[in-house]
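Have a look at the structure below, then the notes.
Bear in mind these aren't lab numbers, they're just calculated from the coordinates by the rules spelled out. Since the model is a prediction, treat every value here as computed from it, not as a measurement. Cβ: placed from backbone, ideal geometry, glycine included. Neighbour counts: every protein chain shown.
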Amino acid sequence: MKFGLKDYQREDILDQYAKKADFLEVQGLRNKNYDFIKKYKIPIVVHAEHFSLGINPANPKIRQQNLNSINQAIKISDIAKGKKIIYHPGDLRDPGCTEEIAIEFIKNIKDKRIMLENMPDITSERLCRTPEQTKKFLSLTNKPFIFDLAHCMITANKLKIPQLTLIKQFLKLKPIHFHISGQDTKSIKDEHLALTDCDINWKEILTLYPKDAEITLEVSRDVEKTLEDLEMIREIAKSIN
């Protein structure tokens, strides 16, 4: 298994992470300069902007904004010579939003690096909350899958489904990338805690993942804790290989 660390754009933090991680993940923010990432000798995954950053592929009223955003993510990935761009499938909370609009928008992004992430069932307006919804969406957009563990756990709690059952159903969709983060296993909030600050059985989880899984730690913004998390999760991975 390979483990990556994430920061939005801070070069000083990414410099530290680049010395320890197998790869980096950066947020593809518009109007920011990412030329500095050329210096890193490890792979870089780009996470495109999403709903909280004003982006929603399901919303036709902001189509140009959505295009500008995904083009920025593609540009950053080109700079890094990256192979993966993470994208959220969309949200129906805004007036005029539909799943069909999101599918059409994403299907027309021809870059093969785009992969879609499952969303937490915090609100029923989010797309790709369940394995069934996600499978259909992936098929209609012809995109691969990134599995977010915390999002899955939240959905399981909301729907009162055993978490391991839902995790195994999502894994049948053959994700090519993974997000893990610390999470209260009973919570319906996306918490992004340190891996060491939660009650998740990490050995049980990693045992379910492919041995060649590439996993981003989406954890706290505390650099020291994040590096401790990296060391801890690597030790667990070694124990099951």
What lysines sit close enough to K238 to cross-link, taking a C-alpha to C-alpha distance under 18 Å and skipping anything fewer than 8 places away on the same chain?
K2, K20, K203, K211
What percent does the relative contact order of the chain come to when contacts are Cα pairs within less than 8 Å and at least six residues apart?
17
Relative exposure of K112, K83, K41, judged by other C-beta atoms within 10 Å (fewest first):
K41, K112, K83
Compute the distance in nm between two label points, each set 7 Å from the Cα along the Cα-to-Cβ direction, one at K38 and one at S239.
4.4
Using label points projected 7 Å from each Cα along Cα→Cβ, tell me how many nm separate E228 and K107, to one decimal.
4.9
When a/c is below 1.5 the answer is rounded, else prolate if a/b is larger than b/c, else oblate, so apply that to the range 147-241 with a ≥ b ≥ c taken from the square roots of the Cα gyration tensor eigenvalues.
oblate
Sticking with the crude label model, points 7 Å out along Cα→Cβ, report the distance from K211 to K136 in nm, one decimal please.
3.7
Gained length - L53 relative to K160, 0.36 nm times residue gap less alpha-carbon distance
35.5 nm
Suppose a student asked you for the relative contact order of the range 128-225, using Cα pairs under 8 Å spaced at least 6 residues apart; what percent would you report?
26
How would M232, M153, M115 line up from fewest to most surrounding beta-carbon atoms within 10 angstrom?
M232, M115, M153
May I ask you to order 140-147, 187-194 by the average number of other C-beta atoms within 10 Å around their residues, highest value first?
140-147, 187-194
If amide H atoms are modeled at 1.01 Å from N in the peptide plane, then the residues at a separation of 5 or more from N118, or on another chain, having amide H under 5 Å from its own are I146, D148
I'd like to compare 98-106, 63-71: which one has the highest average count of other Cβ atoms within 10 Å, and what's the full order after that?
98-106, 63-71
